[in-house]
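These notes are about the structure you will find just below.
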Amino acid sequence: MPAYKAPLRDISFVMNELLESEKLYQTLPGYEDATADLMGAIIEEGAKFAENVLSPLNQSGDEEGCHWSEAGVTTPKGFAEAYQQYVENGWPSLSASTAVGGQGMPNLVGIVINELAGTANWSWLMYPGLSHGAVKTIEEHGDDEQKRKYLTRLVEGGWTGTMCLTEAHCGSDLGLLRTKAEPRADGSYAITGTKIFISAGEHDMAENIVHIVLARLPDAPQGTKGISLFIVPKFKVKDDGSLGERNAVNCASIEKKMGIKASATCVMNFDGATGYLIGPPNRGLNCMFTFMNTARIGTAIQGLAHAQLSYTGALTYARERLAMRSLTGPKNEKGPADPIIVHPDVRRMLLTQKAFTEGGRAFIYFLAQQGDVVEYGDKERSKAADDLMALLTPIAKAFVTETGFEAANLGVQIYGGHGFIREWGMEQIVRDARISMLYEGTTGIQALDLLGRKVIGSGGKLLLGFTALIDEFCAANDGPEDAEFVRVLKAYKDEWLALSMKIGESAMKNPDEAGAAAVDYMMYSGYVCLAYFWARMAVLARHKIAEADGDVAFYEAKVMTARFYFDRLLPRTLSHKNMILSGAGNLMQMPVEMFAL
Ligand SMILES: Cc1cc2nc3c(=O)[nH]c(=O)nc-3n(C[C@H](O)[C@H](O)[C@H](O)COP(=O)(O)OP(=O)(O)OC[C@H]3O[C@@H](n4cnc5c(N)ncnc54)[C@H](O)[C@@H]3O)c2cc1C
């Protein structure tokens with residue numbers, strides 16, 4: 001397993017130079033303390049924790065996995081101690097609001113810390129990873145008593161949170177869920193049903209686990225309009241906040257699975273467990289969107305994390321591993337062969353990893369910043385940022401995880417046969433990365449959300465909000481020196497709009513056209529989004545080079561990676577476009593029974 005070394009230079013480049021975070025936070029009342037120095041110091045500490053505490057547990061956690069017994073779930077050696085340290089150092093409360101006992105740092109800083117921790121050890125991050133969403137859900141939709149009872153300990157990390165949506169017969173289609181919630185005389189509810197695949201549903205790291213559960217009231221309408229949201233604690237909480245008796249919620253088993261083996265994926269039985277309604281009855285799915293949006297960005301980070309870790313290993317290997325000579329003559333004359341990094345095909349793979357990693361980082365940090373503007377911006381800015389997030393979150397979740405998986409897989413290829421062997425750790429990265437395209441809504445579901453709800457559903461308004469930013473950037477940088485990026489980006493932006501219109505029109509005649517186009521449309525959109533961030537990075541890097549400002553080689557590498565992205569990755573849009581334009585007929589014409597022929 002490659003030892004994790006946090007890419008602090010690139011993190012600082014994106015946060016400070018590209019996205020000018022300090023300048024932004026000075027304009028957001030509540031975040032004025034978030035100076036570049038303070039954020040940088042926090043991130044450096046986070047990097048030490050990730051490198052020294054979490055990274056050494058990544059491979060051993062995978063080997064050992066979790067253990068279930070009637071008494072509970074035991075996490076791999078070192079996991080609980082690392083969590084203890086995480087809590088003692090105050091990491092869980094970093095970006096929670098001061099109103100609920102948090103440190104009030106921007107979401108962006110919390111997201112960077114999650115990137116660091118998750119790259120070092122994704123399985124470990126799954127335990128604290130869902131608490132933030134639970135906090136946000138209770139903060140936004142809970143009543144005063146719920147906030148008083150649950151938020152402090154969740155924010156401190158003494159308790160962790162879960163998200164209990166999925167049942168054996170339904171994951172994407174939550175309208176089908178059956179877990180029941182029956183009102184009791186004391187105002188609480190008896191929750192009965194079985195949830196599966198619940199991450200961190202049971203573990204040995206925290207005193208209490210607060211489950212956020214979707215269930216149906218007795219008189220609830222069918223489908224998604226009849227779902228309500230409940231808090232179900234593992235241990236009931238007394239009025240003074242101390243722990244009471246054990247609630248009737250138990251982990252029946254944990255899954256044996258392909259990757260993230262050190263993360264407990266639990267079957268949870270609710271046997272008349274005491275639950276408390278959050279938000280209005282039958283509006284649970286709407287309230288849950290708070291949680292799901294946080295979790296979707298959290299999952300996008302997973303794509304970035306695995307791409308980064310795989311690239312770190314592959315780059316070291318490609319510089320050391322000797323095989324054959326460069327096609328243009330020996331580069332390592334004293335050695336018996338050249339390092340494989342001299343070969344064009346190995347460079348293709350490394351640069352693909354690098355372009356997706358650094359582009360994905362810019363995309364996700366930008367999105368995190370929008371989340372901060374939503375929270376603390378004035379009404380107009382907050383609305384504009386919310387619209388951007390609505391459009392970009394499904395793209396970030398699906399595209400960054402799909403390309404993160406591709407990058408992880410390329411890492412195995414760069415190691416050759418050794419990539420397939422466990423001790424190197426590269427195959428673990430692929431196994432761990434695979435889930436990111438499934439949970440929190442599969443790629444297909446994100447793509448439908450993007451095209452159906454966000455683009456067609458808003459009559460193109462949300463898309464135009466983002467393309468206005470692209471227009472603004474292109475207009476401000478339309479000189480010949482940046483044309484290789486800016487003019488190309490502008491042309492893609494125009495094509496993206498035209499393509500969206502075309503799909504919208506054909507979907508009006510036949511809804512299957514939207515379903516048939518969705519994933520290719522999402523990928524197309526993802527490539528254009530990344531082109532926007534790569535163009536911005538390249539233009540900025542060029543200015544830095546011209547001013548001989550700082551580390552010129554770093555900026556030159558940015559321009560070269562941008563060029564690689566524009567020349568070799570962005571053209572993939574052409575095949576996505578052609579597949580979209582081929583229409584739904586080639587998918588839908590075959591009768592179901594003919595699939596078996
Ligand atoms: C390791 C792990 C951890 C998880 N953690 C959690 C957790 O903490 N909490 C939780 O609630 N859940 C969790 N899940 C569940 C996860 O979110 C679901 O598995 C996921 O949302 C997909 O649901 P499903 O498995 O029921 O697949 P299905 O919904 O049955 O989908 C099967 C396939 O059909 C496709 N499909 C379905 N409907 C459509 C459609 N309308 N159009 C096009 N394609 C469609 C899907 O994209 C997918 O490819 C976890 C799962 C795993 C494996």
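Expressed to the nearest 5 percent, the antiparallel share of DSSP beta bridges inside the chain is 80 percent.
With q set to 0.12, 0.19 Å⁻¹, the log10 of I(q)/I(0) for region 119-184, from the Debye formula over equal scatterers at the Cα positions, is -0.44, -0.92. Need the list of lysines near Lys261 for cross-linking: C-alpha distance under 18 angstrom, and skip anything on the same chain fewer than eight residues off. Qualifying lysines at Cα under 18 Å: Lys77.
Computed over neighbours whose Cβ is under 15 Å from that of Phe197, the net charge equals 0, Lys and Arg +1, Asp and Glu -1. For region 518-597 versus region 277-309, the spacing of their alpha-carbon centroids is 25 Å.
Which FRET efficiency, nearest 0.05, do Ala252 and Ala41 yield, Cβ-Cβ r, R0 35 Å? The formula returns an efficiency of 0.20 here. Treating the angle as unsigned and between 0 and 90°, give the value, to the nearest 10°, between the Cα long axis of helix 36-49 and the longest Cα principal axis of the chain. With both axes taken from Cα atoms, the answer is about 80 degrees. Going through the cross-link list Lys544/Lys577; Lys379/Lys454; Lys256/Lys454; Lys454/Lys490; Lys136/Lys225; Lys23/Lys544, which pairs have a Cα-Cα distance over 27 Å in this structure? Listed pairs above 27 Å: Lys544/Lys577; Lys256/Lys454. Ranked by solvent-accessible area (1.4 Å probe, protein heavy atoms only, all chains present), the residues Ser326, Ser69 order from largest to smallest as Ser69, Ser326.
Taking Cα atoms only, the orientation of helix 512-546 departs from the longest principal axis of the chain by about 60 degrees.
The stretch between Ser242 and Glu320 holds 22.5 nm of extra length on full extension. This uses 0.36 nm per residue minus the Cα-Cα distance. Applying a DSSP loop filter and a limit of 15 other Cβ atoms within 10 Å to the chymotrypsin sites (Phe, Trp or Tyr not before Pro) in region 114-167 leaves nothing.
How large is the Rg to Rh ratio of region 503-544 when both quantities use alpha carbon positions and Rh follows Kirkwood? If you can, show how the numbers build up before the last one.
Details: Rg = 16.0 Å, Rh = 12.1 Å.
Computed over Cα atoms, the ratio is 1.32.
Based on a Kirkwood Rh over C-alpha pairs, give the Stokes-Einstein translational diffusion coefficient of region 101-260 at 4 °C and viscosity 1.567 mPa s in µm²/s. Rounded, D is 77 µm²/s. Protection proxy ranking of 542-555, 295-308, by the mean of other Cβ atoms within 10 Å over each peptide's residues and highest first, is 295-308, 542-555. Compared with the dominant Cα axis of the chain, that is its longest principal axis, helix 572-581 is turned about 60°.
Within the full protein context, the accessible area of Glu495 is estimated at about 60 Å² for a probe radius of 1.4 Å. For region 152-192, the calculated P(r), taken from all Cα-Cα distances in 10 Å bins from zero up to the bin holding the longest distance, is 23, 30, 37, 10 percent. The residue list Pro92, Ser69, Pro106 was ranked by how far each Cα lies along the charge dipole of region 1-153 toward its positive end, using unit charges on Cβ atoms, and Ser69 comes out on top.
For a bin width of 10 Å, list the pair-distance distribution of region 383-477 built from all Cα-Cα distances, rounded to whole %. All Cα pairs considered, the percentages come to 16, 32, 25, 18, 9, 0. With Rh defined as the Kirkwood radius, the inverse of the mean 1/r over Cα pairs, the Rg/Rh of region 38-116 is 1.05. Length, then width, then depth: along the principal axes, the Cα atoms of region 308-466 run 65, 27, 27 Å. For the chain, the equivalent ellipsoid derived from the alpha-carbon gyration tensor has semi-axes of 38, 29, 25 Å in decreasing order.
Each label point was placed 7 Å from the Cα along the Cα-to-Cβ direction; for Lys502 and Ala168 their separation is 4.6 nm.
A DSSP coil position with no more than 10 other Cβ atoms inside 10 Å describes the following trypsin sites (Lys or Arg not before Pro) in region 299-382: Lys334. Computed on the Cα trace of region 338-426, the radius of gyration divided by the Kirkwood hydrodynamic radius gives Rg/Rh = 1.20.
The values are calculated or read from the model by the stated rules, or taken from the named source; none is laboratory data. Keep in mind that what you see is a predicted model, and the values were worked out from it rather than measured. Cβ atoms come from the backbone with ideal geometry, glycine included; neighbour counts cover every protein chain shown. Please note that ligands, DNA and RNA were not included when accessible areas were found on the heavy atoms of the full protein model with its side chains. Shrake-Rupley method; radii C 1.70, N 1.55, O 1.52, S 1.80 Å.
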